[in-house]
Each structure stands twice: as structure tokens, then as C-alpha cells.
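Coordinate-derived values only; no laboratory data. Because the structure is predicted, anything quoted here is derived from the model rather than measured. For neighbour counting, all protein chains shown are included, and Cβ atoms are generated from backbone atoms with ideal geometry for every residue, glycine included.
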């Protein structure tokens, strides 16, 4: 039996940003051959080993069951014994199964952070994860900062976002703004992120942090249970109302509860002190991240120096042009002043000659004295 694993939540779209973790398999997916008795864990281990991932505790393999619902592959059961559609090849997706509270702390590998980012992005764009419109715009601007870097009006011409998937179709349909107007709002935010390093864009922690959290913090949940098709989350604050969700089928609530139990188990594990191996991995990751930030800062410094030199050069050219214009204006004024000074003198000499007795005979030209006291004959 053959099966196909899709690695990238966004497929081949946006290849510059959504790089596949496995450079030798491409971003379309992986294909494996399995035996009828292959357990889920063996398949999962084979996938993560092939794409060189070792920090996979919050990821899993997802498939669509016989009833058309997305389902997670159970690692302790045989692959073909589960409700997988009997097609060849079998279709699975490598997805984030559990959500860490703090991605920057709980996901160490940069590629795992990127995969989780892509998973959340796809969840928002496909309306699987609810996200308010203003937060969608903010997250879209962060995504563009991560992809393009600082906004540059000479490079990022009008329409540079037209090929990007940034706004869920449902959000566009619910509001009166056109797609171009949404993109204009994202561009405004993108301009405001100038100076933010690409390395830290996906993990931004600033004054917007509270606004871009998704889901329910475990520290605020008192109890989780379901009653038939109703799934209930009870907050610790007894005055706060319960969150009640309706599922079309009972088995969906059972699967949701299993996910919550697994997520809570990992949450409790993260509260325990890290073992030596994890401490070493985190230290190495911090060093690599620090090195990337230094390299990015050096690039930004060189860029700013180059821009400063270009601005100074442009300023010198403008000053030179202004000086040339001032000299030309001065020459014109000087010529005009000389002309205005010489015209009255010429008229005065002409009048003096006309008034002198015994002027020159008719048809003869009398000598004329110049204003410098010299004589010449016309």
C-alpha cells in the first residue's frame, strides 16, 4: 500500500516564504510504501526522520475519514485498521496537532516554528481558526515584513500584495471593503514595521501580544466536558459564562476531548524543568537565533550606511544644481545692470552732440566721444 504525506500546509504557494523542510523531496509531499500491519507510530517516525525533524511533539498526521471528517492518525494503532479512506495512495497531512502556549519557548527548531506559523496561517485563511478582521490585517502585515523586509516605495509598487493570500474570503464577504482596500490597510501596517528584523517577525511580542493570542489559556480553564453534541468549556472565573460549542456528531466531541487531553498532558510536561538534552538544544537554538539576529543587524547597518551615502550624494547634487542656478541668475542680473547703466550714458552723449554749435555737415559723421574719453570716427 502506498501513501502520500503533504508536508506544507500552503502547498507550493509562495515558495520564497513557505520553504519546505526537506530540500530533497520538494514541497508537494512525500510518498511511502507501507505494510498492512504498519503501526501509526512507525509511519510518523519515518516521516519526521525523512524530513529531518526531531522536535515533533505538537505535530501529527491528519487524514479525512470515511465520513468526510478530518481525523488524527492514532500512533498506537495500525494505519489500515483506522477509518482511513481506502484509496491508493492514502492521503495524509503533516499538521500541528497541539498548540503551544509560547511558540518561541516551546518550539526550539526554527523550521518547527515556521511549520507552526504556516499551519496557523492556513487555519485562519480557511476559516478553521476564527480571527477578528483587525487582527487578520495585523498578522498579514507581519507576514509581509517576514517575507519582504522593510517596506520600500521604490520596490513595493502598488499591487505588490495582489498575489498574496492574506485575508480570509469569509472576512471579505462580511465587510464592505474591496480586496484592494484590505491590501491598502495591510500596507499601512507593513510600513509601520520598518526596522523589525525578519528573524523575529513571526514571533513578535509587543503591545499587540494580547490581541493576537488564539484560543483559551489553560490557566483560565476550570473544566472541559461534553454532553451529547454540546462541548462545554468552563472558565475558572465562576461569574464568566461557559463556552458551549455544538458538534453535528457525537464522535466529533469525543475526538475534541481527546485532543484537549493530549494538549493538557503536553502543557503539564512543559511546566516541568527541562532535562539536560532539552536545555542543550534550547541553548544551541538561542545561540543560532542570536547569530542570525547579528547577521541581520549587520545587513541592516550596511543598508542604512549605503542609504546615508546615497542621500548625501543626492544632497550634494541638489546643492550643486542650486549653485549653478544661482550663478546663472547672478550673470543675468549683472548683464541687465550693465545694460541699464550704459543706455542712459549713450542717450546723454547723443543729446550733447545734437546740441553742440556747428554740428557736422549734412551727410557727414562727426566724431563721437565715448564715455571713456576716447575718440573714434564712424
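Can you give the Rg to Rh ratio for segment 65-203, taking only C-alpha atoms and Rh from Kirkwood?
Using only Cα positions, Rg/Rh for segment 65-203 is 1.06.
Taking 0.36 nm per intervening residue step and subtracting the Cα-Cα distance, what contour gain separates residue 101 from residue 240 on full extension?
Full extension from residue 101 to residue 240 adds 47.9 nm.
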- Can you bin segment 73-117 into rounded, prolate or oblate? Criterion: square roots of the alpha carbon gyration tensor eigenvalues sorted a ≥ b ≥ c, rounded for a/c under 1.5, prolate for a/b above b/c, oblate for the rest. prolate
- Pulled fully out, how much extra length does the chain show between residue 291 and residue 162, if you take 0.36 nm times their separation in residues and subtract their Cα-Cα distance? 43.1 nm
- Message: Test of understanding: what is the full-extension gain from residue 271 to residue 87, defined as 0.36 nm times their sequence separation minus their Cα-Cα distance?
- Response: 62.1 nm
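If you take the square roots of the eigenvalues of the alpha-carbon gyration tensor of segment 29-132 and sort them as a ≥ b ≥ c, do you get rounded (a/c under 1.5), prolate (a/b over b/c) or oblate?
Details: a/c = 2.21, a/b = 1.39, b/c = 1.59.
Note, shape of segment 29-132 comes out oblate.
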- How high is the FRET efficiency from residue 309 to residue 355, r the C-beta distance, R0 51 Å, rounded to 0.05? 0.15
- Spatial extent of segment 153-193: Rg and Dmax, with the Cα atoms as the point set, Å: 10.8, 34
- Give the span of segment 216-272's Cα atoms along each principal axis, as three whole-Å numbers ordered largest to smallest. 37, 28, 13
